[in-house]
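Written out below as structure tokens is the structure these notes cover.
Coordinate-derived values only; no laboratory data. Just so it is clear, the model here is predicted, and its values are computed rather than measured. In this analysis, Cβ positions are derived from the backbone assuming ideal geometry, glycine residues included, and neighbour counts consider all displayed protein chains.
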């Protein structure tokens, strides 16, 4: 009871702060919560919005797929051998903290402008945390579990599916949660920098027109989506028994 | 203490990096990767050297570095203060906690255009978004650092009849310091990312801007030289901070 | 009949009741009536959860009793009184200071001059066998050594009443016996009053002039046993014929109370 009450309080608090900021900063800086909601509602009725959203969604879905599958595969490969894990970790973390935006021109030169470049941007961002989390989870599987698998004479595939996978699932989901957010960020930044379509592009063109209302509306839409997805993944994380 | 320069894994790592770079170099030199797409690493390095020697991008380099440092300083200070305040107000903290927890799920960067409209294309817009990006990491590290101060240290402070300010300075702060430094490390990394991304998307100066400009003008030489510069700057700064972070963690008590 | 001046600390009708977040109240301790004589080594044993640590917190002024009064040197205590030193169960050493700076901490806070600080720190560090580690950091030391640092840090301020809450809890038996001997040496040389809380019966029996046995929660004193050991004693007292009788008596009391504590948990487990 207290939790839902507190969540409501938080949402009200955010809306209140937003409203106050609007009063302070004025129409040039922000749009009020109410007018943003109205504007968003209008946008959701336009075909243009949904075309762009679909473009972003397409790129995002592919990128997330690559991040997850690639990340888990890479993480497992690097993690099963302790040495490769220890060697790779600092390299992966260095990539993680790198402003990957800097590598975008390279991606554009390789893939050209278009969907594949965007997917690559997103995957670049999401692949790394999934890899790191998976790798560390594999490395932290207690050796006794491997010995048990060996004693039960399981094949490598059986070991992987019945022992390794359940053991690392919580960590992999945690990494996926992070990868999800970063992939979204990567795709959006890619669209902001070099694209003629997508929600990121919509924000940039709105900015060019000084159309704060649209920027805010899209930003709020994306934020809501991100928070909802994150909450879902968190729930999934908790639902998986450790 | 290990007296080796590098551990066994460290040598392997070095060998792997050298091998990859050499392979990449070979692929470029033998034409498998066209030079219109990527330059060989040695050419990138030569370009970087040229850039540094002639100083033609000095203005941009200084702009980026000062923006990063300014953003990091602001978010560390602001994050610390907000963290301390939240820690003293548990009810407020509990209410805000979900917001903090899901903060990094939101692609905060999409609010950059808002700052552009407000501040125009300027350092202020860049610093604003970079701070927005990194401050929460510092708030969370501060909260965790204060949480993790063992209760027995507070009891000890009580035995010494220390006032709350004295305790805060002499016991709370040093006890939380390793965690606080982790926050500084994270805030710096996020600030760096925020600044470079902003300069890239829309800016009047800075290394990110210079890379985008070079890209738009098909100037691969300078573009790759500058990209290499960013990679080197980011990696060395983050590694240095990480090393200090590890050192501080090793001083923390070994739990019984 | 003990003369009033020789009572160092007196608790009368002390209880401690906690309010839980669910709204219910939990009586953790009491009522406690206890006189601690000046200069005595007083041991406290009791089943887990009986409120021993709460008792110590109240005596040290860290916590206020819900009912009752606490007198230290004939004055009611307000907060932590001057002249009380505490060694806690958990490691309270400051990880960011060297052993030397740890020990000097309280002295520097109290404003002693540099020469006096150096003198006292050197003495305490030597007394606790830490001389070779004076410039080491606590994270480089074992658990036992870190407790010695905490004891040395308490020592330097020359407290008149020393309270110890299971200070040797995490140590192995042999180390405990030797640390016990050091504690006795400390007690003799400083002439302080010592109250030691321990779950180890042999430790209480060996070290104390008098042992108080506490009941299961809410803890009250159900027995006081005078050991009448000579002041100059060490761990070899365990071979004294009376030692066995004392520990038996302690266990007779404690066994009943411990079963009560365990009994509650067993009751809860059954449907």
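Which of B:132, B:153, B:143 ends up with the largest GNM mean-square fluctuation for chain B, with Cα atoms connected below 10 Å?
B:153
With a point put 7 Å past each Cα toward its Cβ, work out how far residue A:24 is from residue B:100 in nm, to one decimal.
Once both label points are built, they end up 2.0 nm from each other.
Give me the Å³ per residue figure for the convex hull around the C-alpha atoms of the protein assembly as shown. Intermediate values should be presented prior to the final figure.
Details: hull volume 178.0 nm³, N = 769.
Measuring per residue, one finds 231 Å³ for the Cα hull of the protein assembly as shown.
Which semi-axes, in whole Å and largest first, does the equivalent ellipsoid of chain B have when worked out from the alpha carbon gyration tensor as the square roots of 5 times its eigenvalues?
41, 26, 15
Stokes-Einstein diffusion coefficient for chain C at 20 °C in a medium of 1.002 mPa s, Rh from the Kirkwood formula over Cα pairs: what value in µm²/s?
Translational D for this selection: 109 µm²/s.
If one takes the longest principal axis of the Cα atoms in chain A, at what angle in degrees, from 0 to 90 and to the nearest 10, does the Cα axis of helix A:33-44 lie?
Long axis of A:33-44 versus the principal axis of chain A: about 80 degrees.
Using the Cα gyration tensor of the stretch A:8-53, with a ≥ b ≥ c the square roots of its eigenvalues, what is the shape: rounded (a/c below 1.5), prolate (a/b larger than b/c) or oblate (neither)?
Taking the square roots of the gyration eigenvalues as a ≥ b ≥ c, the stretch A:8-53 is oblate.
For chain A, what is the mean residue ellipticity at 222 nm derived from helices alone (per DSSP H run of n ≥ 4: -39500 (n - 2.57); sum divided by total residues; nearest 500 deg cm²/dmol)?
So the helix-based figure for chain A works out to -28000 deg cm²/dmol.
Mind pulling the angle between the C-alpha long axis of helix B:58-88 and the longest principal axis of chain B? Nearest 10 degrees, somewhere in 0 to 90.
20
Would you look at the GNM of chain B, springs on alpha carbons closer than 10 Å, and say which of B:85, B:116, B:231 moves the most?
Among B:85, B:116, B:231, the largest mean-square fluctuation in the Gaussian network model of chain B belongs to B:231.
How large is the helix-only mean residue ellipticity at 222 nm for chain B, computed as the sum of -39500 (n - 2.57) over DSSP H runs with n ≥ 4, divided by its residue count, in deg cm²/dmol to the nearest 500?
-26000 deg cm²/dmol
Evaluate the relative contact order of chain B (contact order divided by residue number), counting alpha-carbon pairs under 8 angstrom at least 6 apart; express in whole percent.
Result for chain B is 26 percent.
For the pair residue C:18 and residue A:91, how long in nm is the line joining their label points, each one 7 Å along Cα→Cβ?
Going by the 7 Å Cα→Cβ label model, 5.2 nm.
Quickly work out the residue C:110-to-residue C:224 label distance, labels modelled 7 Å from Cα along the C-beta direction, and quote it in nm with one decimal.
2.9
Determine the gain in length on full extension of the stretch residue A:147-residue A:161; use 0.36 nm per residue of separation and subtract their C-alpha separation, reporting nm with one decimal.
3.5 nm
Suppose R0 equals 25 Å; then what is the FRET efficiency for residue C:101 and residue B:69 from their Cβ-Cβ distance, rounded to the nearest 0.05? Can you show the working numbers first?
Details: r = 33 Å, r/R0 = 1.31.
So the FRET efficiency works out to roughly 0.15.
May I ask you to derive the relative contact order of the stretch C:1-75, considering only C-alpha pairs under 8 Å and at least 6 residues apart, and to give it as an integer percent?
Worked out over the stretch C:1-75, it gives 43 percent.
With the Cα gyration tensor of the stretch B:6-79 giving a ≥ b ≥ c as the square roots of its eigenvalues, does the rule (a/c under 1.5 for rounded; else a/b larger than b/c for prolate; else oblate) give rounded, prolate or oblate?
Taking the square roots of the gyration eigenvalues as a ≥ b ≥ c, the stretch B:6-79 is oblate.
Angle between the Cα long axis of helix C:114-127 and the longest principal axis of chain C, 0 to 90 degrees, nearest 10?
Its long axis makes an angle of about 60 degrees.
Hey, in the GNM for chain A with a 10 angstrom Cα cutoff, which one of A:87, A:187, A:64 fluctuates hardest?
A:87
Rounded if a/c is under 1.5, else prolate if a/b is larger than b/c, else oblate: which is the stretch C:47-95, with a ≥ b ≥ c the root eigenvalues of its Cα gyration tensor?
The shape class here is oblate.
Report the dimensions of the stretch C:117-264 along its three principal axes from the alpha-carbon atoms, largest first, rounded to Å.
Reported extents, whole Å, longest axis first: 49, 35, 27.
If you project the alpha carbons of the stretch A:31-239 onto their three principal axes, what span does each projection cover, largest first, in Å?
The principal-axis extents, from largest down, are 67, 39, 24 Å.
How high is the relative contact order of the stretch C:51-147? Use alpha-carbon pairs under 8 Å, at least six apart in sequence, and give a whole percent.
Rounded, it is 26 percent for the stretch C:51-147.
Rounded to the nearest 0.05, what FRET efficiency do residue A:154 and residue C:75 have when you use their Cβ-Cβ distance and R0 = 45 Å?
Efficiency, rounded to the nearest 0.05: 0.05.
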